[in-house]
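Trainee: Sharing a structure below in structure tokens format, with a few things to ask.
The values are calculated or read from the model by the stated rules, or taken from the named source; none is laboratory data. From a predicted model like this one, the values you see are computed outputs, not experimental measurements. Note: ideal-geometry Cβ built from the backbone for every residue, glycine included; neighbour counts use all protein chains shown. Heads up: the accessible areas ignore ligands, DNA and RNA and are worked out on the full protein's heavy atoms, side chains in. Shrake-Rupley method; radii C 1.70, N 1.55, O 1.52, S 1.80 Å.
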Amino acid sequence: MPDAALTEADEAYARVYDAMHSARASSSIVRELYAKAMGDAYPWDIDPASSADWPLMGTMVGALRMHPEQQLVDLGCGTGGVGLWLARALGVSVTGVDISALAVRLAADRGLAFQLPAQRAKFVVGSRTATGLPDQYAHGLVCVDALGKRADRPAVLGEVRRVLKPGGRAVLTSSRSRTPQPPSWPEDAARAGLILEAGHERPHEPQIWRRLYELWNQHEAELRRELGDEQAESMLFEARAHAPKLENRQALVVTLRRPENTSPPATRRAPA
């Protein structure tokens, strides 16, 4: 399956993520700090650089309702752990999509560790809004901490709908501020021609990030030594910028379903 063409803006983001994955691939420090932050909820096989803990993995297994030999898409897959684990657990095939070519190569190399043959684990370069995948390609889709800014959501959800088969489900993580009044997921889903089938809060998720950001600050010297100043500074900047907002953070996991009716959605209005 060929890679999708990236815009100039996407290529700029890709270079940033390529540099991040290159630095982290040669060190175990980031994995160790994520494991400390999550405690016994850390899924070692998956090695996530996200909030993909065991409770979230269980939620996704139940919400996807997939059958063996069906097709899953992992959108914003990074190094592939979430999609590979789900493919093995559910007996399905996975296609991971990420903007970083290096992440895609690293993910492809991990397939054997999950005992998945090449025909059941494919990874391609693409963006959240232009995956390059065929219409009605997948029975299920997951996107963990990769939806991006709210302004991008209509285009991302439009791509999710296009890629899903009628009746297919997508499980997405999302965060938003509790105040002011947060936007409505049912409205966002409806505008994209999707049905909000389930949604619930993950009240412990902000605390994962709080512990992680504290650990990054405590281990600044090790991060600089093992990852280099540029990558360490990027992580510390994230911690400084986001830690004060965690008290007002609402973390959600939502399940969307493409209706069996395959007619195109009504013309979308601007997001609320």
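Trainee: Please calculate how many Å² of accessible area the chain carries per residue, with a 1.4 Å probe and no DNA, RNA or ligand atoms counted.
Mentor: 47 Å²
Trainee: Using a 1.4 Å probe over the heavy atoms of the protein chains, calculate the carbon and sulfur portion of the accessible area of the chain as a whole percent.
Mentor: C and S fraction of accessible area: 52 percent.
Trainee: Please compute the contact order of the stretch 191-262 in relative form: average sequence separation of alpha-carbon pairs under 8 Å and at least six residues apart, divided by the residue count, as a percent.
Mentor: The normalised contact order for the stretch 191-262 reaches 61 percent.
Trainee: Sorted by packing (mean other beta-carbon atoms within 10 Å per residue), highest first, where do 185-192, 78-85, 235-242 land?
Mentor: 78-85, 185-192, 235-242
Trainee: By its C-alpha gyration tensor, with a ≥ b ≥ c as the square roots of the eigenvalues, how is the stretch 45-89 shaped: rounded for a/c under 1.5, else prolate for a/b larger than b/c, else oblate?
Mentor: oblate
Trainee: Two decimals, Cα atoms only, Kirkwood Rh: what is Rg/Rh over the chain?
Mentor: 0.95
Trainee: Among 16-27, 93-104, what's the highest-first ranking by average C-beta atoms within 10 angstrom per residue?
Mentor: Peptide ranking by packing, descending: 93-104, 16-27.
Trainee: List the relative contact order of the chain as a percent without decimals, with contacts defined as Cα pairs under 8 Å and 6+ residues apart.
Mentor: 20 percent
Trainee: For a quick protection proxy, order the peptides 251-259, 53-61 by their average other-Cβ count within 10 Å, most packed first.
Mentor: Top of the packing list down: 251-259, 53-61.
Trainee: A follow-up question, please. Going by a ≥ b ≥ c, the root eigenvalues of the Cα gyration tensor, does the stretch 1-132 fall in the rounded group (a/c under 1.5), the prolate group (a/b larger than b/c) or the oblate group?
Mentor: oblate
Trainee: Further question on the same structure: With a/c under 1.5 counting as rounded, go ahead and sort the stretch 60-151 into rounded, prolate or oblate using the C-alpha gyration tensor (a ≥ b ≥ c being the square roots of the eigenvalues; past the cut-off, prolate if a/b is larger than b/c, else oblate).
Mentor: Verdict is oblate for the stretch 60-151.
Trainee: Here's something else I'd like to know. Long-range amide H contacts for Gly168: which residues qualify at under 5 Å (H placed 1.01 Å from N, peptide plane, sequence gap of 5 or more or a different chain)?
Mentor: Amide H neighbours of Gly168: Arg258.
Trainee: Could you pull out which residues in the stretch 1-44 have an amide N less than 19 Å from a spot 7 Å beyond the Cα of Ala151, following the Cα-Cβ vector?
Mentor: Inside the label zone: 7-14.
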